[in-house]
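**Q** My structure is below; once you've seen it, I'll send some questions.
The values are calculated or read from the model by the stated rules, or taken from the named source; none is laboratory data. Keep in mind it's a predicted model, so treat the numbers as computed, not measured. Note that each Cβ is placed from the backbone with ideal geometry, even for glycine, and that neighbours are counted across all protein chains shown.
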């Protein structure tokens, strides 16, 4: 079922998932209808969206909306998605980081700064997919398990699109994330436990009649939801002038984002939208939650779950579902997975702010920290064109930085001069 | 000196201010060279930028960068501005607010959501202009008096562009604004006093040798700086499909933004880029700092300064420099200036969040509150196409909203059901 420009205008209603053709098991390849399911009935492998892409040109994309819907033909969304009420995230800045590059001795460095999204994290991208799926499946409540950013993104998108929402977070999150989850008027339920406890609770709720008409964006809508991260790959390639970067540093929470960025790059190559050239994928974790990095270092294929203890709460998933796929991709492309401690995270947030005016959340401190570490170790090539991701906003993790007024003075020039501030 | 497409590629260096031709006194019309000056030597009136525009087409704009530099030909910036290190703000979403419109009984309402800018307020737009002027004039330190948002915008832009920065704020600002001002590594000096005290202090410093190579973005660079607000007008018109709105609600701090949006609309008409049709401009203040609204109500031309007392700190300027011009514009266009109290601000932030998924700062609560008030009073037409501005981000004014977790529970389905949350 190839899409062509000759399709009738009424096609939208008959193609709620656009060029998506099926769900497909990542392990055994078994195919399923496009339904709210997420695990293979045969091998319990995760399902992902498979497509029958038609012809897609750079020009058609460039004529599209100035948000992720310019890539609608590559996503599981209806053709008229840009007209539906949703948050329209994406097309966030790719910052040419010349001053940071100079400090690190690099030739060409870019920061993909996703704090520019509507709720200031990359989660708006994935939630936008889940909202369209929830609409199609007739769910009435949007839900999720969240380390914070996702809760805000779900709350906002549910409000805009007219869904009820009820989100689940671990108790003790940063104030900014809690307020942002709650301000849109949905329910916010804190669970005494870790994110992994929250996740298990949600899986139970889905199996219960109480959760019957609930769309959990990152559980029963996960195959659709996850595709949203592909838009990071599309944007980076388009913003580089339709070219893949040579190296990319991506944070790892569940690992889904990293796998989808790789998928996005490969799709662009397959569709002839970019030249096929090698790229290396690097995964970044905080030391206090580094099960994938530990497996990479040890040469293992199996991830040993951990109990997280790090200020990088948005990455604090101790049992990352996509960990094995992350190992595959980083090994296949010649990249690596590494970790940095919380002190390096704080220091790297300050470095990024001071050199580029980008105020990253802790996850951006993790990627920038890993960038520095792998450059020092020689695993990253300072001459290769590199992209580092900042997936969230420093305003949501204020406690992670120590920044305040230099001095408080009376409004007098003499006092100002005497204070040695000039 | 008309600009034409035939200009040589080296023109940038010889046109540091693009099509800007002079500074011109808003009171007596006296013209000055493009220098770091802000007041007329003869009548002490404020200076603003005058242009000799060439031909400017919609198509040329639409081919431009996906930020304010698509309007570079309408701004006092070099032709190659998009290649220089700056924050590249703008092209923030114009949200079609159908759910809010339905609640308010309106036909066509849009929210211009400027929280999507790099430091999450409209200030990135004005600072971007000041940075280019500071570069041209050879200043080494960027500075400002600020109620918070501007300090963050200056800190970030200075970091990106390689300036030293030292900003001045009143003591007691919101934590998010203080951290965001300080995180980029510049100096942040808190002054014991109001914003107006801070402003007076900065005027003193400019006259002192200590401030010699300092560019105060909103004092000695103010004529350039202020032009950045015109980009809000350009974007709104382009995003409406090259059409002026019929009504627009704009917050008033100094009043500069409102006057420049009006200037931007009139330029678009003069250049033939939009149809000349009437539009009404409405100004919005918080009751606790409403000198312009009071003058409007009383039919006065003179603004009586006040001592601010409101949670809308970003609008807390008790002696607004552009107040008289705001009165002129709102009267000339058939609009109004109104105020709402802090309770209405809080309530309106919640309304906007609940209906549209937009988390506004207090200034957005003020505009939305005034929108509701003037609709109720019949001063705003519910049938006319209306734009309301949100100029900042709720994450920076967390204390203004009461939003938190609905409940904290153990990870158990039974507990969840017993809590009556489903």
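Residue by residue, here is whether (1) within 22 Å of residue A:15 (Cβ to Cβ); (2) touching a strand residue (DSSP E or B) at 6+ places or on another chain (Cβ under 6 Å); (3) in the same structural domain as residue A:360 (by the TED database) holds:
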| position | (1), (2), (3) |
| --- | --- |
| A:88 | yes, no, no |
| A:111 | no, yes, yes |
| A:130 | yes, no, no |
| A:135 | yes, no, no |
| A:141 | no, yes, no |
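**Q** Would you check if there is a residue in the range B:64-72 being assigned to a loop (DSSP other than H, G, I, E, B), free of Cβ contacts under 8 Å to residues at least 60 places away in the same chain and touching a helix residue (DSSP H, G or I) at 6+ places or on another chain (Cβ under 7 Å)? Quick ask: steps written out before the conclusion?
**A** Taking the range B:64-72 as the starting set, the residues that turn out to be assigned to a loop (DSSP other than H, G, I, E, B) are B:64-67.
Cutting the leftovers down to free of Cβ contacts under 8 Å to residues at least 60 places away in the same chain gives us B:64-67.
Restricting the remaining residues to those that are touching a helix residue (DSSP H, G or I) at 6+ places or on another chain (Cβ under 7 Å) gives B:64-65.
Yes, because at least one residue in the range B:64-72 is assigned to a loop (DSSP other than H, G, I, E, B), free of Cβ contacts under 8 Å to residues at least 60 places away in the same chain and touching a helix residue (DSSP H, G or I) at 6+ places or on another chain (Cβ under 7 Å).
**Q** Can you find a residue that is away from chain B (no Cβ under 13 Å) and surrounded by fewer than 21 Cβ atoms within 10 Å (Cβ to Cβ) anywhere in the range A:80-90?
**A** yes
**Q** Name, by its number, the condition in (1) out of contact with any helix residue (DSSP H, G or I) (no Cβ under 6 Å at 6 or more places or on another chain); (2) touching a residue at least 24 places away in the same chain (Cβ under 8 Å) that does not hold for residue B:80.
**A** Status for residue B:80: all satisfied but (1).
**Q** Let me ask something else about it. Could you look through the range B:223-254, keep only residues that are under 10 Å from residue B:129 (Cβ atoms) and touching a helix residue (DSSP H, G or I) at 6+ places or on another chain (Cβ under 8 Å), and pick out the one that is surrounded by the fewest Cβ atoms within 10 Å (Cβ to Cβ)? Quick ask: steps written out before the conclusion?
**A** Looking only at the range B:223-254, we keep the residues that are under 10 Å from residue B:129 (Cβ atoms), and these are B:223-231.
Narrowing further to those that are touching a helix residue (DSSP H, G or I) at 6+ places or on another chain (Cβ under 8 Å): B:224-231.
Details: B:224: 32, B:225: 30, B:226: 28, B:227: 27, B:228: 28, B:229: 24, B:230: 28, B:231: 29.
For the range B:223-254, the residue satisfying everything is B:229.
**Q** Continuing with this model, one more query. Quick test of your reading of the structure: residue B:357 fulfils all but one of (1) in contact with a helix residue (DSSP H, G or I) (Cβ under 8 Å, 6 or more places away or on another chain); (2) crowded, with 20+ Cβ neighbours inside 10 Å; (3) in contact (Cβ under 8 Å) with a residue 12 or more places away in the chain. Name the failing condition by number.
**A** Here residue B:357 clears every test but (3).
**Q** Which condition number in (1) modelled with pLDDT of 95 or more; (2) more than 10 Å from every other protein chain (Cβ to nearest Cβ) is the one that residue A:148 fails?
**A** Against the list (1) modelled with pLDDT of 95 or more; (2) more than 10 Å from every other protein chain (Cβ to nearest Cβ), residue A:148 comes up short only on (1).
**Q** Out of B:285, B:304, B:257, which single residue is more than 22 Å from residue B:20 (Cα to Cα) and not in a loop (DSSP other than H, G, I, E, B)?
**A** Checking each option against the conditions leaves just B:285.
**Q** Can you tell me how many residues within the range B:46-58 are in contact with a strand residue (DSSP E or B) (Cβ under 8 Å, 6 or more places away or on another chain) and either at pLDDT below 95 or crowded, with 16+ Cβ neighbours inside 10 Å (or both)?
**A** 6
**Q** Before we move on, is residue A:29 out of contact with any strand residue (DSSP E or B) (no Cβ under 6 Å at 6 or more places or on another chain), at positive phi and surrounded by 18 or more Cβ atoms within 10 Å (Cβ to Cβ)? Even if it seems obvious, please write down each step before you answer.
**A** Numbers: out of contact with any strand residue (DSSP E or B) (no Cβ under 6 Å at 6 or more places or on another chain): yes; at positive phi: yes; surrounded by 18 or more Cβ atoms within 10 Å (Cβ to Cβ): no.
Answer is no for this residue.
**Q** Let me ask another. Quickly run through the range A:182-199 and pick out the residues that are under 14 Å from residue A:144 (Cβ atoms) and out of contact with any helix residue (DSSP H, G or I) (no Cβ under 9 Å at 6 or more places or on another chain).
**A** Across the range A:182-199, the qualifying residues are A:187, A:198, A:199.
**Q** Scan the range A:242-250 and give yes if some residue there is in a helix (DSSP H, G or I) and assigned by the TED database to the domain that holds residue A:361, otherwise no.
**A** Scanning the range A:242-250, I find no residue that is in a helix (DSSP H, G or I) and assigned by the TED database to the domain that holds residue A:361, so the answer is no.
**Q** Away from every other protein chain (no Cβ under 11 Å), surrounded by fewer than 19 Cβ atoms within 10 Å (Cβ to Cβ) and touching a residue at least 60 places away in the same chain (Cβ under 8 Å), is that true of residue A:61?
**A** yes
**Q** Of all residues in the range A:19-36, how many are under 16 Å from residue A:221 (Cβ atoms), outside any strand (DSSP E or B) and in contact with a helix residue (DSSP H, G or I) (Cβ under 8 Å, 6 or more places away or on another chain)?
**A** 2
**Q** Out of (1) over 24 Å from residue B:375 (Cβ atoms); (2) buried (at least 20 other Cβ atoms within 10 Å of the Cβ); (3) without any contact (Cβ under 8 Å) to a residue 40 or more places away in the chain, what's the single condition that is false for residue B:309?
**A** In the conditions (1) over 24 Å from residue B:375 (Cβ atoms); (2) buried (at least 20 other Cβ atoms within 10 Å of the Cβ); (3) without any contact (Cβ under 8 Å) to a residue 40 or more places away in the chain, residue B:309 misses (2) alone.
**Q** Hey, residue B:98 hits all of (1) surrounded by 24 or more Cβ atoms within 10 Å (Cβ to Cβ); (2) facing chain A (nearest Cβ under 9 Å) but one; which does it fall short on?
**A** (1)
**Q** What's the number of the only condition in (1) modelled with pLDDT of 95 or more; (2) closer than 16 Å to residue B:227 by Cβ that residue B:38 fails to meet?
**A** Just one mismatch for residue B:38, condition (1).
**Q** Would the range B:378-396 turn up any residue that is out of contact with any strand residue (DSSP E or B) (no Cβ under 8 Å at 6 or more places or on another chain) and under 27 Å from residue B:118 (Cβ atoms)?
**A** yes
**Q** Only strands (runs of 3 or more DSSP E) wholly contained in the range B:313-422 count here; list those with 3 or more residues that are over 16 Å from residue B:292 (Cβ atoms) and within 11 Å of another protein chain (Cβ to nearest Cβ).
**A** Details: elements: B:336-340, B:386-390, B:407-409.
Here the list reads B:407-409.
**Q** When you go through (1) surrounded by fewer than 17 Cβ atoms within 10 Å (Cβ to Cβ); (2) modelled with pLDDT of 95 or more one by one for residue A:371, which number turns out not to apply?
**A** Condition not satisfied by residue A:371: (1).
Let's see how each residue does on (1) surrounded by 22 or more Cβ atoms within 10 Å (Cβ to Cβ); (2) under 29 Å from residue B:99 (Cα atoms):
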position	(1), (2)
B:256	yes, no
B:266	no, no
B:270	no, no
B:284	yes, yes
B:315	yes, yes
B:321	no, no
B:340	yes, yes
B:343	no, yes
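**Q** Further, regarding this structure: If you take the residues of the range A:200-213 that are under 16 Å from residue A:169 (Cβ atoms) and touching a helix residue (DSSP H, G or I) at 6+ places or on another chain (Cβ under 8 Å), which of them is nearest to the other protein chains (Cβ to nearest Cβ)?
**A** A:201
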